[in-house]
Amino acid sequence: MTRPIPKEQGLDHSLAFLREGYLYVPNRRRSFQSNLFETRLLGERTICLGGAEAAALFYDADKFIRQDAAPKRLLKTLFGEDGVQTLDGAAHTHRKKMFMSLMFPGNIERLTKLVSREWERALDAAEGETVLYDTAQEVLMRSVCEWAGVPLGEHEVKQRTDEMRLLFESGTALGPKHIRGRAARTSAEAWVRKMVEEVRTNRLLPNEQTALYEFSWHRDEAGELLPADIVAVEVINILRPTVAVSVYVLFTVLALHQFPEARARLAYGETDSTWFVQEVRRFYPFFPVTAARVKQDFEWDGFAFEQGTLVLLDLYGTNHDPSLWTEPEQFNPDRFKDWTESPFTFIPQGGGDVDFGHRCAGEHVTIAIMRETIDVFLTRYRYEVPPQDLSYSFVDLPSLPKSRLVLKQIERK
Ligand code: HEM
């Protein structure tokens, strides 16, 4: 005997999802007093899950698959088609290994050094004033292209950086912005695909241990090179999210500004910069949910899950779950001091196992860039934050402070 899943009444709730953004799932988990409920999104029956136990369930690869889970509009913008996010089983593990082969400490340090150099170059050239979001994107784009072995001509920095930004800003956008996002994907994929062809004909010789080299020469489980289109999607799976770290860069510098006490503890060495970074990733909104489909019928906690059902996991809400976090709406980096690490309670970049599941491949890269950001903006440069609209909405995806964070009187300490 199974019990009914709490169900949101009505024909379709896509508009409510757009209206409530990050809070759509947490609001209903609260009102149903349940870590799972059923709704309809984009015309489809959907089960929403949240909390640590539900996250552990969601990352059980015997129960959930990713094939056909992401909506077409995200594949056409954010993800690209036939990339690692859409694979399951052995094909996924094999492809994921290709990504993880780049994520060893020495290689992450190489990227961090490039980011450090680019920050200095950008801030020294800023003539005392900058819009942090825009500058961070260019800093990260220049750094990650060099790291990935991707040649980036000076004349194309702006165009290619804008393309990467559009990919992650346009996924859930409507109208012209979404259309621009699709055009950005077509253009960016053509740009990288040409490079892959040049690598394979020895006209372009990136170093080993760069994404362009390793992915161009990667062989699938059958021993075949990947189609150039797919290599382009996967190289962009390195470039785009690294440029997207600009969102966390923005929130890191915002937190330094908005929480002077936490900043002082950091400056006096009482708070570790890693705890600060973890709290930024927990506290501020970025990815609201991630999606999968039920692989085959099963029962969990008395509830029936039917094969093919779309299931969303509440990432933002789990990071703010009052049963998992003390005073979740307080910004408190020191909570991470004695934190018992769990793959299912703190999931800003997904949960579970990184090598065998879909957890983000770039978490260590993200943390390293954010720690470098703290070093730059706490230790190496002084600046003023003039009056501006720093509010951010829980509806926009991604959510960003309205002013994009203007800094003035920037100078080296
Ligand atoms: C801005 C910070 C970032 C955030 C918030 C973020 C978030 C995420 C999330 C939520 C997922 C999906 C997890 C799931 O579906 O279970 C993911 C997957 C992924 N991320 Fe990130 N990410 C970030 C940075 C990065 C970076 C810097 C890289 C690479 C350098 C990266 C590469 C990937 C890849 C390749 C996947 C697909 C993994 C798979 O399907 O197995 N991400 N990320």
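Only one entry of D338, D355 meets the criterion of being at pLDDT below 95 and either of a type in the set (K, R) or open to solvent by 60 Å² or more (accessible area, probe 1.4 Å) (or both), and that entry is D338.
Annotation note: of F276, F283, the sole residue that is of a type outside the set (D, E), open to solvent by less than 30 Å² (accessible area, probe 1.4 Å) and under 19 Å from D396 (Cα atoms) is F283. Quick check, is R380 open to solvent by 50 Å² or more (accessible area, probe 1.4 Å), more than 12 Å from the ligand (Cβ to nearest atom) and not acidic (D, E)? Spelling it out, R380 is indeed open to solvent by 50 Å² or more (accessible area, probe 1.4 Å), more than 12 Å from the ligand (Cβ to nearest atom) and not acidic (D, E).
Number of residues in the stretch 106-141 that are of a type in the set (A, V, I, L, M), in a helix (DSSP H, G or I) and either more than 19 Å from the chain's Cα centre (by Cα) or exposed (fewer than 13 other Cβ atoms within 10 Å of the Cβ) (or both): the value is 3. In the set (1) open to solvent by 10 Å² or more (accessible area, probe 1.4 Å); (2) closer than 21 Å to P348 by Cα; (3) modelled with pLDDT of 95 or more, L18 fails one condition alone, (3). Here F259 meets the list (1) more than 14 Å from the chain's Cα centre (by Cα); (2) farther than 28 Å from H320 by Cα almost entirely, failing just condition (2). Inspect the stretch 397-405 for any residue being open to solvent by 40 Å² or more (accessible area, probe 1.4 Å), more than 18 Å from L315 (Cα to Cα) and either within 15 Å of the ligand (Cβ to nearest atom) or not hydrophobic (A, V, I, L, M, F, W, C) (or both) and give the result as yes or no. Yes - at least one qualifying residue is present in the stretch 397-405. Do we have G269 as on the phi > 0 side of the Ramachandran plot and without any contact (Cβ under 8 Å) to a residue 60 or more places away in the chain here? Spelling it out, G269 is indeed on the phi > 0 side of the Ramachandran plot and without any contact (Cβ under 8 Å) to a residue 60 or more places away in the chain.
For R66, indicate whether it is of a type outside the set (D, E), open to solvent by less than 70 Å² (accessible area, probe 1.4 Å) and within 13 Å of the ligand (Cβ to nearest atom).
Yes, satisfied.
Residues in the stretch 142-160 that are open to solvent by 10 Å² or more (accessible area, probe 1.4 Å) and out of contact with any Lys or Arg (no Cβ under 8 Å at 6 or more places or on another chain): R142, E146, G149, P151, G153, E154, H155, E156, K158, Q159, R160. Of all residue pairs spaced 6 or more apart or on separate chains, those with beta-carbon atoms under 6 Å, a first member in the stretch 114-125 that is of a type in the set (F, W, Y) and a second member that is modelled with pLDDT of 95 or more and part of a helix (DSSP H, G or I) are W119/V139; W119/V376.
Condition check for K177 on (1) in contact (Cβ under 8 Å) with a residue 12 or more places away in the chain; (2) open to solvent by 50 Å² or more (accessible area, probe 1.4 Å); (3) closer than 30 Å to V395 by Cα; (4) away from the ligand (no atom under 16 Å from the Cβ): one failure, at (1).
Taking the listed residues N202, N207, the one that is on the phi > 0 side of the Ramachandran plot, open to solvent by 80 Å² or more (accessible area, probe 1.4 Å) and either under 26 Å from the mean Cα position of the chain (by Cα) or not small (G, A, S) (or both) is N202, with no other qualifying. Answer yes or no: is there a residue in the stretch 311-323 that is in contact with a Gly (Cβ under 6 Å, 6 or more places away or on another chain) and away from the ligand (no atom under 15 Å from the Cβ). Yes, there is a match, as at least one residue in the stretch 311-323 is in contact with a Gly (Cβ under 6 Å, 6 or more places away or on another chain) and away from the ligand (no atom under 15 Å from the Cβ).
Out of all the residues in the stretch 282-301, which are among the basic types (K, R) and over 23 Å from the mean Cα position of the chain (by Cα)? Within the stretch 282-301, just K295 meets the criteria.
Would the stretch 82-97 turn up any residue that is in contact with a strand residue (DSSP E or B) (Cβ under 6 Å, 6 or more places away or on another chain), away from the ligand (no atom under 13 Å from the Cβ) and open to solvent by less than 50 Å² (accessible area, probe 1.4 Å)? The answer is no, given that none of the residues of the stretch 82-97 is in contact with a strand residue (DSSP E or B) (Cβ under 6 Å, 6 or more places away or on another chain), away from the ligand (no atom under 13 Å from the Cβ) and open to solvent by less than 50 Å² (accessible area, probe 1.4 Å). Open to solvent by 10 Å² or more (accessible area, probe 1.4 Å), within 15 Å of the ligand (Cβ to nearest atom) and either assigned to a helix (DSSP H, G or I) or over 30 Å from K337 (Cβ atoms) (or both): is that true of I230 in this structure? Spelling it out, I230 is indeed open to solvent by 10 Å² or more (accessible area, probe 1.4 Å), within 15 Å of the ligand (Cβ to nearest atom) and either assigned to a helix (DSSP H, G or I) or over 30 Å from K337 (Cβ atoms) (or both). Annotation note: Cβ proximity below 8 Å between a residue of the stretch 131-145 that is within 16 Å of K402 (Cα to Cα) and β-branched (V, I, T) and a residue that is in a helix (DSSP H, G or I) and open to solvent by less than 10 Å² (accessible area, probe 1.4 Å) (sequence gap 6+ or interchain) occurs for T135/L123.
The values are calculated or read from the model by the stated rules, or taken from the named source; none is laboratory data. The shown structure was predicted, so the numbers you read here are calculated from the model rather than taken from an experiment. Note: ideal-geometry Cβ built from the backbone for every residue, glycine included; neighbour counts use all protein chains shown. The accessibility values were calculated without ligands, DNA or RNA, using every heavy atom of the protein model including side chains. Shrake-Rupley method; radii C 1.70, N 1.55, O 1.52, S 1.80 Å.
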